[in-house]
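Heads up, the thing below is written out as structure tokens.
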Amino acid sequence: MSDSDRGLARRTILKAAGIGAGLLSGAIPAHAQGASAAAGEEIWSSEYWAQKGNIRLNLWRKRAGAPKAGEKPLPILFLVHGSSNSTRSSYDLNVPGKGEYSFMNVFARYGFDVWTMDHDGYGYSGSSGNNSDIASGVEDLKAAIPVVLQETGQPKLNFYG
């Protein structure tokens, strides 16, 4: 069976993942919706906290410009890290003098409201001593998503991880 018989070619999806995470979730990239960041607009960031039982979970948000009352909400991109690194070293890496390494900054400039979190036991979040399995990660996301929904007013999120 050829790639064309299966729909989108795997190579097409892999190439597009570097320029538009929304492709895999069926979303139109924000820049295609006219929401791209104005030239020179500063990347705004803020830290939030969610609670999973007695464990505090750290959330990190970046977008072009601070949110303003009454503005049209930007599409949400929520980045989920794996079990090797915390979120900021995975998605918001700063390497002075070496160009742009922050996935968050790139997608903020594409017009997304970009969120991520340190899962239980990683980075700035507390630790329950669990083994960082998928089920625990799901519980972390269940605790974090209400914070994102409340802060953005958006009913839909796109995930990348």
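Being modelled with pLDDT under 55, within 17 Å of the chain's Cα centre (by Cα) and of a type in the set (Gly, Ala, Ser) is the requirement here; does residue 27 meet it? Full working, then the answer.
Working: modelled with pLDDT under 55: yes; within 17 Å of the chain's Cα centre (by Cα): yes; of a type in the set (Gly, Ala, Ser): yes.
In short, yes.
Is it the case that some residue within segment 142-159 is touching a residue at least 60 places away in the same chain (Cβ under 8 Å), among the hydroxyl-bearing types (Ser, Thr, Tyr) and open to solvent by less than 40 Å² (accessible area, probe 1.4 Å)?
yes
Determine whether segment 94-109 contains at least one residue that is more than 13 Å from residue 79 (Cα to Cα), surrounded by 15 or more Cβ atoms within 10 Å (Cβ to Cβ) and free of Cβ contacts under 8 Å to residues at least 40 places away in the same chain.
Residues of segment 94-109 that are more than 13 Å from residue 79 (Cα to Cα), as a first pass: 94-101, 109.
With the extra rule that they be surrounded by 15 or more Cβ atoms within 10 Å (Cβ to Cβ), the set shrinks to 109.
This time we only want the ones that are free of Cβ contacts under 8 Å to residues at least 40 places away in the same chain, so: none.
No, that holds for no residue.
Working only within segment 56-92, note down all residues that are in contact with a Ser or Thr (Cβ under 6 Å, 6 or more places away or on another chain), open to solvent by 20 Å² or more (accessible area, probe 1.4 Å) and part of a strand (DSSP E or B).
60, 62, 92
Condition test on residue 144, is it among the hydrophobic types (A, V, I, L, M, F, W, C) and closer than 21 Å to residue 54 by Cβ?
Working: among the hydrophobic types (A, V, I, L, M, F, W, C): yes; closer than 21 Å to residue 54 by Cβ: yes.
Spelling it out, residue 144 is indeed among the hydrophobic types (A, V, I, L, M, F, W, C) and closer than 21 Å to residue 54 by Cβ.
Are there any pairs with C-beta distances below 6 angstrom linking a residue in segment 38-67 that is on the phi > 0 side of the Ramachandran plot to a residue that is part of a strand (DSSP E or B) and not basic (Lys, Arg), with the two at least 6 apart or on different chains, and if so which?
If the second residue must be part of a strand (DSSP E or B) and not basic (Lys, Arg), the pairs left are 65/44.
Just to be sure I understand, how many residues within segment 112-141 are surrounded by fewer than 17 Cβ atoms within 10 Å (Cβ to Cβ), under 17 Å from the mean Cα position of the chain (by Cα) and hydrophobic (A, V, I, L, M, F, W, C)?
Selection size over segment 112-141: 1.
The values are calculated or read from the model by the stated rules, or taken from the named source; none is laboratory data. Quantities reported herein were computed from a predicted structural model and do not represent experimental measurements. Positions of Cβ are generated from backbone atoms using ideal geometry, with glycine treated the same way; all protein chains shown enter the neighbour counts. Accessible surface areas use protein heavy atoms only, side chains included; no ligands, DNA or RNA. Shrake-Rupley method; radii C 1.70, N 1.55, O 1.52, S 1.80 Å.
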